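The values are calculated or read from the model by the stated rules, or taken from the named source; none is laboratory data. Since this is a predicted model, take the numbers as computed values, not measurements. Virtual Cβ from ideal backbone geometry, glycine too; neighbours counted across all protein chains shown.
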Amino acid sequence: MLQYFVGIVIALSLLSSVMAQEEVTKTANLDALVGADSPLQKNERIVFVGDSITMQGGFADLISQALQEKQAELEVQVTRHGLNGGRVPDMSQGKTPWGEIKPYGEILADEKPTILILYLGINDVMHSPGTSPEDFETGLTDMIQAAQKIGAAVVLATPAVNGENIDLESADQQKLESYAKICRQVAEKQSATLCDLRHAFAEHLRVANPAKEHHGILTYDGVHMSDAGNRLIAEQMSHSIAVAANARGAK
C-alpha cells in the first residue's frame, strides 16, 4: 500500500513538472506585444542593457523576431548590449576583465532608446568582491534617471537565478533575493516598470524542478538561459514592455 501511494506522489510530481514546462511554451504576452493592438509606436527603439545573459540574448532575439514577423510596418529597432561579467558599477565604463561594450552613457546618446530594459544583478552578487547593496541601489537609480532624462520608458528586471534549486534558506539564494528586493524598491521609487524575473522563475521552478537540480530546466549552468529560460524571459519582458509603453502614453 505504501509503495502504491509513493508511486502516486511521484506520478503527480512528474505530471506537475511536465505541465510547468508546457507553460514555458505559451506566448500570450509576446503575442499581445506584437499583435494588432500593440502599444508600440512607429520607429520604436527598444534597447536591452545587461550582462552575459543579455550578451547571449535569446529572449531579446525572440522579441525582435516576433516584431519583424508581425509588426514589420512599425520598423521597431531592437538592440542589445551585454557586458560579460558586468556588474552595475561596470556599466559606466563598459569594461570588465571578460569583455567590453559601449559605456552606458554612449549607449543612451547613440541609440536614444524609447524603451530601455535593464537586466543586471547576478554578477553583483556572484563576483568577488561583488557590489555593496548601497552601490547597487545607487547605480541602478543613476542608470534609470539617465535614461528617463532623455525620455526613455524604463523596465527594470530582477536577477533570476543562481542555481535552479530555489531554496531561500541557503545563503546564496537569500543574497540574490535581497538584491532582487532592491530592484523592486528602486523600480517603485523611480517610477520604472518592474519585470520580476526572480519571482517568475521561482514560481516555475518550485513546480518544474521537484528533484531540485542545479540546472537543466531553465538554464544550462544555473545562471545562463536555455531555450526554455529565454522563452520565459521573453514572455515576462513582453508584458513589462507593454506596461511601460502604455504607461508612457497615459502620462
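Descriptive notes on the structure:
- Only one entry of Thr138, Thr114 meets the criterion of being touching a residue at least 60 places away in the same chain (Cβ under 8 Å), surrounded by 14 or more Cβ atoms within 10 Å (Cβ to Cβ) and hydroxyl-bearing (Ser, Thr, Tyr), and that entry is Thr114.
- Identification of helices (runs of 4 or more DSSP H) wholly contained in segment 16-116 with 2 or more residues that are more than 20 Å from Ile150 (Cα to Cα) and more than 15 Å from the chain's Cα centre (by Cα) yields 28-33, 58-70.
- Only one of the numbered conditions (1) free of Cβ contacts under 8 Å to residues at least 24 places away in the same chain; (2) within 21 Å of Gly139 (Cα to Cα) is violated by Arg80, and that is (1).
- Filter result (outside any loop (DSSP other than H, G, I, E, B), surrounded by fewer than 20 Cβ atoms within 10 Å (Cβ to Cβ) and at pLDDT 95 or above) within segment 146-176: Ala146, Gln148, Lys149
- Among the candidates Met237, Met225, residue that is in contact (Cβ under 8 Å) with a residue 12 or more places away in the chain, of a type in the set (A, V, I, L, M) and touching a Ser or Thr at 6+ places or on another chain (Cβ under 7 Å): Met225
- Within segment 117-135, being free of Cβ contacts under 8 Å to residues at least 40 places away in the same chain and either of a type in the set (A, V, I, L, M) or farther than 23 Å from Leu194 by Cα (or both) holds for Ser128, Pro129.
- Residue-level analysis places Leu232 outside the set of residues that are in contact with a Phe, Trp or Tyr (Cβ under 8 Å, 6 or more places away or on another chain), over 29 Å from Gln145 (Cα atoms), surrounded by 22 or more Cβ atoms within 10 Å (Cβ to Cβ) and touching a residue at least 12 places away in the same chain (Cβ under 8 Å).
- Check on Phe5, at pLDDT 95 or above and aromatic (Phe, Trp, Tyr): no
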